[in-house]
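Inspection log for the structure reproduced underneath, given as structure tokens.
Where a number appears in this text, it was derived from the coordinates with a stated rule and is not lab data. From a predicted model like this one, the values you see are computed outputs, not experimental measurements. Cβ atoms come from the backbone with ideal geometry, glycine included; neighbour counts cover every protein chain shown.
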Amino acid sequence: MRKHFLLLVLAFSVLIARADEYPYLALQTSDGEVKTMSVQGLTLSYADGTLTAANTQETALFTTATLARMYFTDTATGLISLAAAQSNVAVEVFTADGRSAGRFPSVQAATQRLPKGVYVVKADNGNKLKISLQ
């Protein structure tokens, strides 16, 4: 009996995932935006329907009514929906292998002119995101 108990405890402990083993917290909104933040120095606070996530590099605000889920991950992502991207900011677009695909007056203009694929977009306002055109 003791052998079975120890085997069960060992199997269960292998299945438990510890949050401190993941370097990023991902926050996904109902419109598909996914924001990852380093857990290094991460603090979360809630007031007046707004979740504030802050670490040593950045601060992000989320309206809890639009927050779909939060989860820990080992992969950082800058994926956001095109609706969340600003339409009036000029962008420079790069292919997945780092080659320049050109400058465009907006993300929407880039999506209309580029072929299918995955791109990294750097906006003139400093924002960076990945887009997938299908």
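Here the label points at residue 50 and residue 128, each 7 Å from Cα along the C-beta direction, are separated by 2.7 nm in the simple model. Computed extension length for residue 61-residue 74: 2.5 nm, one decimal, from 0.36 nm per residue of separation with the Cα-Cα distance subtracted. How far is it, in nm, from the label point at residue 38 to the one at residue 100 when both lie 7 Å from their Cα along the line to the Cβ? Calculated label separation equals 2.9 nm.
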